[in-house]
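To start, the structure itself, in structure tokens.
The values are calculated or read from the model by the stated rules, or taken from the named source; none is laboratory data. Note that this is a predicted model, so its numbers are computed, not measured. Methodologically, a virtual Cβ is constructed for each residue, glycine included, from the backbone with ideal geometry; neighbour enumeration extends over all protein chains shown.
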Amino acid sequence: MKLEVSRAVFDGAILKRGFWLYLVDVVTTGGRRAVYVGRTGDTSSPYAASLFARMTGHLNDRKSARANSLLKRLVEQDLACEDCSYRLVGIGPIFKQQATMDEHKPLRDQMAGLERAVADYLREKGYDVLGDHPRPRMVEAELLATTLNLVDQEFGVPPNKQMRTRPAQAMVPRH
């Protein structure tokens, strides 16, 4: 009998609830590489899940599953999720989970803007970025710069891709 061993090693910090930005580096058995960019922070409630909980939702293959957008993107590309390898990079929690929707919305909206800016930045660098991202929104310049620095440390120049020179634009709130 032949048995296979699979491994998942993770930092316990990904169990913390809050507003996370995350990138999933997906590599197929054929060597194709794509990146999924996402965030935690519900649109309809003041909850911000842990990164671990969000990732389990992303790859949920039940027909009734609704929060499995990574799986849907892989299926759209004719990729079987069980045939891919994944590297999860989480940044956060950037903000704590909030008690009310009024406190939650501004942070959720800023996270949506950050998600979009990082996805655009990786596309400009030549990465194959999976999925759609919300319309551009305001992101604090320091948060964007710090985040892009961390993204560069983790992702650098994509393999077999020519780097483009135009960086993502910071959107600074006007007072």
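Taking the criterion of being aliphatic (A, V, I, L, M), part of a helix (DSSP H, G or I), buried (at least 17 other Cβ atoms within 10 Å of the Cβ) and in contact (Cβ under 8 Å) with a residue 24 or more places away in the chain, the residues of segment 71-107 that qualify are LEU74, LEU107.
Scanning segment 20-58 for residues that are among the small types (Gly, Ala, Ser), within 20 Å of LEU107 (Cβ to Cβ) and in contact (Cβ under 8 Å) with a residue 40 or more places away in the chain gives GLY38, GLY41, SER45, ALA48. Every condition in (1) surrounded by fewer than 19 Cβ atoms within 10 Å (Cβ to Cβ); (2) part of a helix (DSSP H, G or I) is met by ALA119 except one, and the failing one is (1). Note on segment 37-51: residues that are in a strand (DSSP E or B) and more than 15 Å from LEU114 (Cα to Cα) amount to 1.
Of the residues making up segment 43-65, those that are over 14 Å from the mean Cα position of the chain (by Cα) and closer than 27 Å to ARG32 by Cβ are ASN60, ASP61, ARG62, LYS63, ALA65. Candidates in segment 140-175 are the residues that are under 19 Å from the mean Cα position of the chain (by Cα) and polar (S, T, N, Q); of these, the one that is modelled with the lowest pLDDT is GLN169.
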